[in-house]
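**Student:** Shown below is the structure under consideration.
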Amino acid sequence: MPFVVNFSPDVIARAEGSAKGAFTVLRDRVRDALKAEFGQAMDFWCALDIDDDGRLHLQGGIIASWQDSDRVRKALKRAGGRWTHRRGEKRQVWIGEHGDGGWGTYCVRNNEAVRQQVGQRGVSASPTIKRRAEALYGRDRLSVLQAQEEA
């Protein structure tokens, strides 16, 4: 389930001022809000991004059933923090349907600018997602190597 979560100015200010680093604080807010809503850790990946105005936000994907989209939205809104005004509140959380595979590339397109602004790497995935990605990469890499040997 692709997602974007925009954080309140107060949350962003606290994250940027934290010794843990902005990305770690914002990622952990999403992790903790999902766990509070579902009663267990949820598998997700995320990337810190920066919009044209320099505002930080997280986007990525959560492994969840579409039937749970309202609960996911509720958790992400909690992670985003309380907004002091109604303007823009509807854009605090976006949840999309499965995309064409370009979502991951889109999410990390500003990775270097984010690293320069916040001073830390801004991409993370839960251990289950990392293990699955490594297995898929290893399988695909082996297939490519075997094809090269046969050619």
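The values are calculated or read from the model by the stated rules, or taken from the named source; none is laboratory data. On a predicted model such as this, the values are computed, not experimentally measured, just so you know. Note that we place each Cβ from the backbone using ideal geometry, even for glycine, and neighbour counts take in every protein chain shown. Calculation scope for accessible area: heavy atoms of the full protein, side chains included, ligands and nucleic acids excluded. Shrake-Rupley method; radii C 1.70, N 1.55, O 1.52, S 1.80 Å.
**Student:** Determine which aspartates and glutamates satisfy two conditions relative to Lys35: a Cα distance under 15 Å, and not lying fewer than 8 residues away in the same chain.
**Tutor:** Once the sequence-local aspartates and glutamates are set aside, what remains near Lys35 is Asp43, Asp68, Asp70.
**Student:** Give me the one-decimal nm value for the distance between modelled label points at Asp10 and Ile129, 7 Å along each residue's Cα-to-Cβ direction.
**Tutor:** 2.8 nm
**Student:** On the protein heavy atoms, probe 1.4 angstrom, tell me the percent of accessible surface of the chain carried by carbon and sulfur. Walk me through the numbers on the way to the answer.
**Tutor:** Details: 4670 of 9580 Å².
Whole-percent figure for carbon plus sulfur exposure: 49.
**Student:** Please sort by residue number the GluC sites (Glu not before Pro) in segment 30-137 whose DSSP state is loop and whose Cβ has at most 10 other Cβ atoms within 10 Å.
**Tutor:** Details: sites: Glu37, Glu89, Glu97, Glu112, Glu134; in loops: Glu97.
Answer by residue number: Glu97.
**Student:** Kindly provide the helix-only [θ] at 222 nm of the chain, computed as the sum of -39,500 (n - 2.57) over DSSP H runs of four or more divided by all residues, to the nearest 500 deg cm²/dmol?
**Tutor:** Details: 6 runs with 75 residues, N = 151.
So the helix-based figure for the chain works out to -15500 deg cm²/dmol.
**Student:** Here's something else I'd like to know. Contour minus end-to-end for Asp51 and Tyr137, with contour as 0.36 nm per residue of separation and end-to-end as the Cα-Cα distance? Intermediate values should be presented prior to the final figure.
**Tutor:** Numbers: separation 86, 0.36 × 86 = 30.96 nm, distance 3.05 nm.
27.9 nm is the gain from fully extending Asp51 to Tyr137.
**Student:** Also: Hey, what do the phi angles of segment 103-113 turn into as Karplus ³J(HN,Hα) couplings, whole Hz, using 6.51/-1.76/1.60 and θ = phi - 60°, x for Gly and Pro?
**Tutor:** Coupling constants for segment 103-113: 4, x, 5, 4, 5, 9, 4, 10, 4, 5, 5 Hz.
**Student:** Moving on to the next point. Rank Val118, Val93, Val30 by mean-square fluctuation in a GNM of the chain with C-alpha springs under 10 angstrom and give only the top-ranked residue.
**Tutor:** Comparing Val118, Val93, Val30 in a Gaussian network model of the chain, the most mobile one is Val118.
**Student:** In addition: Kindly identify segment 2-125 as rounded, prolate or oblate by the Cα gyration tensor criterion: order the square roots of the eigenvalues as a ≥ b ≥ c, call it rounded if a/c is under 1.5, otherwise compare a/b with b/c, prolate if a/b is larger, else oblate. Before the final figure, lay out the partial values.
**Tutor:** Values: a/c = 1.42, a/b = 1.19, b/c = 1.19.
Here segment 2-125 falls in the rounded category.
**Student:** Another question about this same structure. Given an 8 Å cut-off on Cα distances and at least 6 residues of separation, report the relative contact order of the chain as a percent.
**Tutor:** For the chain, the relative contact order is 34 percent.
**Student:** Find how much the distance from Asp28 to Arg82 grows on full extension, using 0.36 nm per residue of separation minus their present alpha carbon separation; answer in nm with one decimal. Kindly include the intermediate steps, with their values, before the conclusion.
**Tutor:** Numbers: separation 54, 0.36 × 54 = 19.44 nm, distance 1.66 nm.
Result: 17.8 nm gained on full extension.
**Student:** Here's another thing I want to ask about it. Taking θ as phi - 60°, what are the ³J(HN,Hα) couplings along segment 16-21 by the Karplus curve (6.51, -1.76, 1.60), each to the nearest whole Hz, with x for Gly and Pro?
**Tutor:** Going residue by residue, I get 5, x, 7, 5, 5, x Hz, with x marking Gly and Pro.
**Student:** Then there's this: Counting only trypsin sites (Lys or Arg not before Pro) that sit in a DSSP loop (anything but H, G, I, E, B) with at most 16 other Cβ atoms within 10 Å, what is the longest stretch of the chain containing none of them? Numbers along the way, then the final one.
**Tutor:** Numbers: sites that count: Lys20, Arg55, Arg82, Arg86, Arg87, Arg109, Arg121.
The segment 21-54 is the longest one with no such site.
**Student:** Using the Karplus curve 6.51 cos²θ - 1.76 cosθ + 1.60 with θ = phi - 60°, what ³J(HN,Hα) values do you get for each residue of segment 46-63, in whole Hz, with x for Gly and Pro?
**Tutor:** 7, 9, 7, 10, 10, 8, 4, 8, x, 7, 7, 7, 10, 9, x, x, 10, 7
**Student:** While we're here: Might you report the magnitude of the Cβ-based charge dipole of the chain about its Cα centre, with Lys and Arg at +1 and Asp and Glu at -1, to the nearest 20 debye? Could you put the intermediate results ahead of the total?
**Tutor:** Working: 25 positive and 20 negative charges, 146 e Å.
I would put it at about 700 debye.
**Student:** Using the heavy atoms of the protein chains alone and a 1.4 angstrom probe, what is the accessible area of segment 2-125 per residue in square angstrom?
**Tutor:** Working: 7150 Å² over 124 residues.
Averaged over the residues of segment 2-125, the accessible area is 58 Å².
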